């Protein structure tokens, strides 16, 4: 994540510096994605290919943003790396960045992202609709949890 080289936190692991401003920039992008996803209706995809493509692309961007944020936090602050995208969310929960309930709701996001990106011949419109129905809340809750975690880091004595 590039934020112009301005480290926002003294937390350093393995030579990587947590850049809180870069994380916050991505959280703003995630909020933009959420606002656009809210305009799409989960049950409209099959009838309208533009809607279907918009939903798939929005969900992919949301997933990519969440996983990018998660990977950066894990490597820069905790000095760990996820073996694959499916490990990012559980590791964020195990390190207290997000809660268990949110971890459970985001379970499968890495695999879903992989289907959208690599296995596009097997995209299931019903699965897209299911993710689209819950993504705005789940993605917003993720952004809120990460912001709270960043705020805790900024407090003296933490």
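The values are calculated or read from the model by the stated rules, or taken from the named source; none is laboratory data. Bear in mind the structure is a predicted one, so any value in this text is a computation, not a measurement. Please note: Cβ atoms are built from the backbone with ideal geometry, for glycine as well, and neighbour counts cover all protein chains shown.
Answer yes if at least one residue in the stretch 79-89 is in contact with a strand residue (DSSP E or B) (Cβ under 7 Å, 6 or more places away or on another chain) and within 26 Å of residue 19 (Cα to Cα), and no otherwise. Checked against the condition, which is being in contact with a strand residue (DSSP E or B) (Cβ under 7 Å, 6 or more places away or on another chain) and within 26 Å of residue 19 (Cα to Cα), the stretch 79-89 yields at least one hit. What about residue 29, is it without any contact (Cβ under 8 Å) to a residue 60 or more places away in the chain and part of a helix (DSSP H, G or I)? Taking the combined requirement at face value, the residue satisfies it. Listed by position, the helices (runs of 4 or more DSSP H) inside the stretch 34-144 whose residues that are within 11 Å of the chain's Cα centre (by Cα) number at least 3 are 49-78, 85-94, 109-118. You will find that of 45, 58, 99, 79, the residue that is in contact with a helix residue (DSSP H, G or I) (Cβ under 6 Å, 6 or more places away or on another chain) and modelled with pLDDT of 95 or more is 58 and no other. In the stretch 77-95, the residues that are without any contact (Cβ under 8 Å) to a residue 60 or more places away in the chain and at negative phi reach residues that are surrounded by fewer than 20 Cβ atoms within 10 Å (Cβ to Cβ) and assigned to a loop (DSSP other than H, G, I, E, B) with C-beta atoms within less than 6 angstrom, at least six apart or across chains, in these pairs: 88/82; 91/82.
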